[in-house]
């Protein structure tokens, strides 16, 4: 069963087409600014960024009260020592610039982001688990901890949002649960999947995005403990768009990307071409399981 925690405050950087799958929720915090009711005042409130003072006060309130929080640090060791589980880390990163806390029931996860990222998992009476990882964060913040089965073994794992990018892309980090030891393993290969969509019937994870003149589709499978990109499909315009669209299908063999199919659709736009290719002539039958509209209109 999938449980979604209250999302963290995600820093939106105004990226065109950058989306996440979670809706940001706000709660009433002490001294939170309230937009004026007059139309001119509302417009001014929308266009005026939240002041550093108000933002910092809101972050401090969440930090001191044990709430989920995303906060930038400026060498403030008192924050780490007094309001986090920093003293439990055995390998703290150098130059911690961001601190993130998110919770899911009794489970709490803390991230200390510096040159490396230290991840601390606190789960009730269980012994803390610590990871030191080189995580490549995207451009829209950190947050949205969820619990769900990521590797099709029938047991819930953990994933958390590590940012988004253009074309509707959203990226996540994964912690896979070992049901025998009740411990987690960090799965770095999951973070390469753009906007993962789970096909549990066929045990495939679809990833992809919309770009300026077409779509990328990728199929990932969980093989020997890794999320492996096994097949791909691109729908685009090889020349002038008036000449129609093209679909290029490829697969990976021994680490090499190999084109296995390519079809030109002179009378079709890219969306229609992708649908027709998937329905009629894919080399890999698995493309017939893929919804061609998965990544349409997300960018």
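The figures follow:
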{"item": "Flag for residue 201 being free of Cβ contacts under 8 Å to residues at least 12 places away in the same chain, touching a helix residue (DSSP H, G or I) at 6+ places or on another chain (Cβ under 9 Å) and not in a strand (DSSP E or B)", "result": "no"}
{"item": "Failed item, numbered, when residue 185 is tested on (1) in the same structural domain as residue 293 (by TED's automatic domain parsing); (2) touching a strand residue (DSSP E or B) at 6+ places or on another chain (Cβ under 7 Å)", "result": "(1)"}
{"item": "Enumeration of residues in segment 47-106 that are assigned to a loop (DSSP other than H, G, I, E, B), surrounded by 17 or more Cβ atoms within 10 Å (Cβ to Cβ) and in contact (Cβ under 8 Å) with a residue 40 or more places away in the chain", "result": "68, 89"}
{"item": "Check on residue 144, surrounded by 15 or more Cβ atoms within 10 Å (Cβ to Cβ), at pLDDT below 90 and assigned to a strand (DSSP E or B)", "result": "yes"}
{"item": "Every residue from segment 250-282 that is more than 27 Å from the chain's Cα centre (by Cα), surrounded by 13 or more Cβ atoms within 10 Å (Cβ to Cβ) and not in a helix (DSSP H, G or I)", "result": "260, 261, 262, 263, 264, 265, 268, 269, 282"}
{"item": "Tally of residues being within 13 Å of residue 271 (Cβ to Cβ), outside any strand (DSSP E or B) and in contact with a strand residue (DSSP E or B) (Cβ under 6 Å, 6 or more places away or on another chain) across segment 209-249", "result": "3"}
{"item": "Filtered residues of segment 167-186 (kept if touching a residue at least 60 places away in the same chain (Cβ under 8 Å) and either surrounded by fewer than 14 Cβ atoms within 10 Å (Cβ to Cβ) or part of a loop (DSSP other than H, G, I, E, B) (or both))", "result": "167, 168"}
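The values are calculated or read from the model by the stated rules, or taken from the named source; none is laboratory data. Computed from a prediction, not measured in an experiment: that's the story for all the values here. Using ideal geometry, Cβ is built from the backbone for each residue, glycine included, and neighbour counts are taken over all protein chains shown.
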